[in-house]
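The values are calculated or read from the model by the stated rules, or taken from the named source; none is laboratory data. Just so we're clear, the structure is a prediction, and the values are computed from it rather than from any experiment. Cβ atoms come from the backbone with ideal geometry, glycine included; neighbour counts cover every protein chain shown. Ligands, DNA and RNA are stripped out before the accessible areas are found, and what is left, the full protein with its side chains, is counted by its heavy atoms. Shrake-Rupley method; radii C 1.70, N 1.55, O 1.52, S 1.80 Å.
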Amino acid sequence: RDKNQRLLVQAFNSIAQQFPDWEVHLYGSGKPDFALGPRVRLMGYADLARPYAECAFVAFPSKTEGFPLALVDAAAFGKPALAIQDWIGCGEIVGSNVREYAAGLVRLMSDADYRHALGTHCRSYCAEHYARAKILDRWEGLLRAILATGTSN
């Protein structure tokens, strides 16, 4: 329920006739408790390098997340995301109802140049903010600050 795939499926099914060559692929385990529709595929677990490389964008309607690695992975492949919350500072953010999510899908599905520009921005943003060296520097700074306070339990 927290992954909110029902929203994605309902939104896609509401616009699917406009995009006869498009499909939705859902990765992971479990079986949804809702109808999928004719062009929604359950893919199970997989090495996601190929799907990220081949997809047009990542639909991410999740309601709750810690730190969504799927979005950072998508950005590493230069793929934009369509989300209902601004998880990592890049991608397109839309409302959490079917109409608004469907409108976001239409924007991304209709405009390859927009997808490319947004994906390029996402890749640059994540490389700048989530690069290993940057994260390690932040951790080191935090640990030094803690040690400098001289506090002990």
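The set of residues in the range 109-138 being exposed (fewer than 10 other Cβ atoms within 10 Å of the Cβ) and either in a loop (DSSP other than H, G, I, E, B) or not charged (D, E, K, R) (or both) consists of Ala133 alone. Scanning the range 84-102 for residues that are touching a strand residue (DSSP E or B) at 6+ places or on another chain (Cβ under 8 Å) and more than 21 Å from Gln18 (Cα to Cα) yields Ile84, Gln85, Asp86, Trp87, Cys90, Gly91, Ile93. Hey, does the range 111-132 have a residue that's under 17 Å from Val24 (Cα atoms) and touching a strand residue (DSSP E or B) at 6+ places or on another chain (Cβ under 6 Å)? No. Among the conditions (1) at pLDDT below 95; (2) among the charged types (D, E, K, R); (3) more than 24 Å from Gln10 (Cβ to Cβ), the only one that Asp86 does not satisfy is (3). Of the residues examined, Ala49 is not one that is out of contact with any strand residue (DSSP E or B) (no Cβ under 6 Å at 6 or more places or on another chain) and open to solvent by 60 Å² or more (accessible area, probe 1.4 Å). Considering only residues in the range 62-76 that are open to solvent by less than 80 Å² (accessible area, probe 1.4 Å) and part of a helix (DSSP H, G or I), the one that is farthest from Val9 (Cα to Cα) turns out to be Ala76. The residue list Asp21, Asp86, Asp33 contains one member that is out of contact with any helix residue (DSSP H, G or I) (no Cβ under 7 Å at 6 or more places or on another chain), within 22 Å of Tyr130 (Cβ to Cβ) and open to solvent by 70 Å² or more (accessible area, probe 1.4 Å), which is Asp86. Could you list, in sequence order, the residues of the range 15-61 that are among the small types (Gly, Ala, Ser) and either free of Cβ contacts under 8 Å to residues at least 40 places away in the same chain or assigned to a loop (DSSP other than H, G, I, E, B) (or both)? Result: Ala16, Gly28, Ser29, Gly30, Ala35, Gly37, Gly44, Ala46, Ala49, Ala53, Ala56.
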